[in-house]
Amino acid sequence: MKISAQEEYGLRCLVQLAALGKGESLTLPQIAGREGISAANAGKLMWLLNKAGFVQAIRGTKGGYSLARPPGEIHLSEVIKILDADEINTHCESYTGILDSCVHNGDCGIRPVIVGLHEIVQDALSQITLAQLVGTEAKVDERFHRIQGLKNRHVSV
């Protein structure tokens, strides 16, 4: 799975907001500066995330952006779905070669593998929340591997 720049930056912006205390917010220039992206790019991402209900915009001199839901209730699969420009359903339309449609459109041995891998990734992303991504890289890595270790032990039993 390849994460697009839009998905990466959108997630990073949300993690910035997830790390805030209750009642705190960040302005667009603050978000852009913290992530090293342009204010225009940050604005586009915040617009998408606001429209999807992940963030709320507060207008005025003391305004900014904050999460619309608790970070423990926002799963990565939801966010990626909003920020992802590619749909798995369009896979066959994307790789047609020199023809108008894929020659394997009716019977493809690759499609089930691609769809299956997509489902595995989606399932994994649905198990991770923004709250789990807040903290240092070492803490997040430890938390993630501890969760994965518990799952692997459960599966092998």
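Results for (1) closer than 23 Å to residue 5 by Cα; (2) exposed (fewer than 10 other Cβ atoms within 10 Å of the Cβ); (3) at pLDDT below 75; (4) within 14 Å of the chain's Cα centre (by Cα), shown as yes or no for each residue.
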position	(1), (2), (3), (4)
77	yes, no, no, yes
93	yes, no, yes, no
97	no, yes, yes, no
105	no, no, yes, no
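Residues that are surrounded by fewer than 18 Cβ atoms within 10 Å (Cβ to Cβ) and touching a strand residue (DSSP E or B) at 6+ places or on another chain (Cβ under 8 Å) within the range 29-58 comprise 30, 34, 50, 56, 57, 58, listed in sequence order. Among (1) modelled with pLDDT under 85; (2) part of a helix (DSSP H, G or I); (3) under 21 Å from residue 8 (Cα atoms); (4) in contact with a helix residue (DSSP H, G or I) (Cβ under 9 Å, 6 or more places away or on another chain), which single condition is residue 115 missing? So the condition that residue 115 fails would be (3).
Residues of the range 1-52 that are in a loop (DSSP other than H, G, I, E, B) and among the acidic types (Asp, Glu): 24 alone.
Do you know which residues across the range 1-23 are hydroxyl-bearing (Ser, Thr, Tyr) and in contact with a helix residue (DSSP H, G or I) (Cβ under 7 Å, 6 or more places away or on another chain)? Write out each step before concluding.
Within the range 1-23, the first condition is being hydroxyl-bearing (Ser, Thr, Tyr), and the residues that meet it are 4, 9.
Within the range 1-23, just 9 meets the criteria.
Number of residues in the range 59-74 that are loosely packed, with under 15 Cβ neighbours inside 10 Å and out of contact with any strand residue (DSSP E or B) (no Cβ under 6 Å at 6 or more places or on another chain): the value is 8.
Residue pairs whose Cβ atoms lie under 6 Å apart, separated by 6 or more positions or on different chains, with the first residue in the range 3-27 and within 11 Å of residue 70 (Cα to Cα) and modelled with pLDDT of 95 or more and the second assigned to a helix (DSSP H, G or I) and not hydrophobic (A, V, I, L, M, F, W, C), are 18/71. Counting only residues that are surrounded by 14 or more Cβ atoms within 10 Å (Cβ to Cβ), outside any helix (DSSP H, G or I) and of a type in the set (Val, Ile, Thr), the range 123-143 holds 3 of them.
The set of residues in the range 53-69 being in a loop (DSSP other than H, G, I, E, B), farther than 24 Å from residue 121 by Cβ and modelled with pLDDT of 95 or more consists of 68 alone. Identify the single condition in (1) closer than 18 Å to residue 4 by Cβ; (2) at pLDDT 80 or above that residue 123 does not satisfy, given that it satisfies every other one. Against the list (1) closer than 18 Å to residue 4 by Cβ; (2) at pLDDT 80 or above, residue 123 comes up short only on (1).
The values are calculated or read from the model by the stated rules, or taken from the named source; none is laboratory data. It should be emphasised that the depicted structure is a prediction, and the values quoted were computed from it without experimental measurement. Positions of Cβ are generated from backbone atoms using ideal geometry, with glycine treated the same way; all protein chains shown enter the neighbour counts.
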